[in-house]
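Written below as structure tokens is the structure these notes are about.
What follows is calculated from the coordinates using simple rules that are stated; it is not laboratory data. Computed from a prediction, not measured in an experiment: that's the story for all the values here. Note that each Cβ is placed from the backbone with ideal geometry, even for glycine, and that neighbours are counted across all protein chains shown.
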Amino acid sequence: LAKTTQPISMDSYEGQEVNITCSHNNIATNDYITWYQQFPSQGPRFIIQGYKTKVTNEVASLFIPADRKSSTLSLPRVSLSDTAVYYCLVGDIGGSQGNLIFGKGTKLSVKP
Amino acid sequence: ETGVTQSPTHLIKTRGQQVTLRCSSQSGHNTVSWYQQALGQGPQFIFQYYREEENGRGNFPPRFSGLQFPNYSSELNVNALELDDSALYLCASSDRGQGINEKLFFGSGTQLSVL
């Protein structure tokens, strides 16, 4: 299972676009890249998942370069409610028997 | 709301005791995974159950055990509690039939305090 490296913390202001980059140099061919969001005293919540290029949903965009050794989660126009910890995970979820490596995540603080 | 419910929400035990945590998976999901999250850390994988059998296990001692029932709900049992077992215990359900891009849906967790 590929390990990931992401910044410990980031600060932003309301209305700004936030980009959180995750490094995963040892990503395997079958691995997907998944991002989760976690608020205090709650379980992580799925945000977005991708394999290559760009994925967009109603919440975020995920950019994955051709070598797939990194990925960037983009949150457009953040609000105070986006203050949370964001986890980047890499793995063959169905084949890895659920053993996802979360790491410490990136604590995003959005200020007014 | 993910549809995954955990009980109890909070629990206080003393060292050496045993505890059982419960999880009801989201409707239609056949797989349950358990994670331990210490304060300030990311969740750590304990084990996963698929069709009532343990399907994978993280680096946790045998005193952490589990069950999955025919309705896909699950229990996590911890024997001989230690102070370091104090953590948020998270249950996540998923549909193994989705294939390799299977998504996990987490409950809100059980906060266990061992005194």
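If you average the C-alpha positions of segment A:57-78 and of segment B:48-78 separately, how far apart do those two centres end up, in angstrom?
34
Rounded to the nearest 20 debye, what is the charge dipole size of the protein assembly as shown about its Cα centre when +1 sits on each Lys and Arg Cβ and -1 on each Asp and Glu Cβ? Intermediate values should be presented prior to the final figure.
On the way: 18 positive and 18 negative charges, 50 e Å.
Dipole magnitude for the protein assembly as shown comes out near 240 debye.
Pop out the Kirkwood hydrodynamic radius of the protein assembly as shown from its pairwise C-alpha distances, inverse of mean 1/r, in Å to one decimal.
It works out to 18.0 Å.
Quick one: give the max-minus-min coordinate of the C-alpha atoms of segment A:1-61 along each principal axis, largest first, in Å.
Dimensions of segment A:1-61 along the principal axes of its Cα atoms: 37, 24, 20 Å.
Where both partners of a DSSP beta bridge lie in segment A:9-111, what percent of those bridges are antiparallel, to the nearest 5?
If we restrict to bridges inside segment A:9-111, about 85 percent are antiparallel.
Normalising by the residue count of chain A, find the relative contact order in percent from Cα pairs under 8 Å and 6+ residues apart.
On the way: 286 pairs, mean separation 41.7, N = 112.
Relative CO of chain A lands at 37 percent.
Which of rounded, prolate or oblate describes chain A when judged by the alpha-carbon gyration tensor and an a/c cut-off of 1.5? If you can, show how the numbers build up before the last one.
Working: a/c = 1.94, a/b = 1.53, b/c = 1.27.
It comes out prolate by the Cα gyration axes.
Within chain B, what is the longest stretch that has no GluC sites (Glu not before Pro) placed in a DSSP loop and near at most 16 other beta-carbon atoms within 10 Å? Walk me through the numbers before you get to the answer.
Numbers: sites that count: B:Glu1, B:Glu52, B:Glu82.
Longest site-free region, per DSSP loop and neighbour criteria: B:2-51.
Report the Stokes-Einstein translational diffusion coefficient (µm² s⁻¹, integer) for chain B, Rh taken as the Kirkwood radius over Cα pairs, at 37 °C with viscosity 0.692 mPa s.
Working: Rh = 14.0 Å.
The calculation lands on 234 µm²/s.
Would you mind telling me the antiparallel percentage of the DSSP bridges in the protein assembly as shown, rounded to 5? Could you put the intermediate results ahead of the total?
On the way: 64 of 73 bridges.
Around 90 percent of the beta bridges assigned by DSSP in the protein assembly as shown are antiparallel ones.
Given labels modelled 7 Å from the Cα in the Cβ direction, how far is it in nm from B:Leu39 to A:Thr83?
1.9
Of A:Gly43, A:Ile20, A:Gly103, whose Cα points farthest to the positive end of the dipole of chain A (charges on the beta-carbon: +1 Lys, Arg; -1 Asp, Glu; origin at the Cα centre)?
A:Gly103
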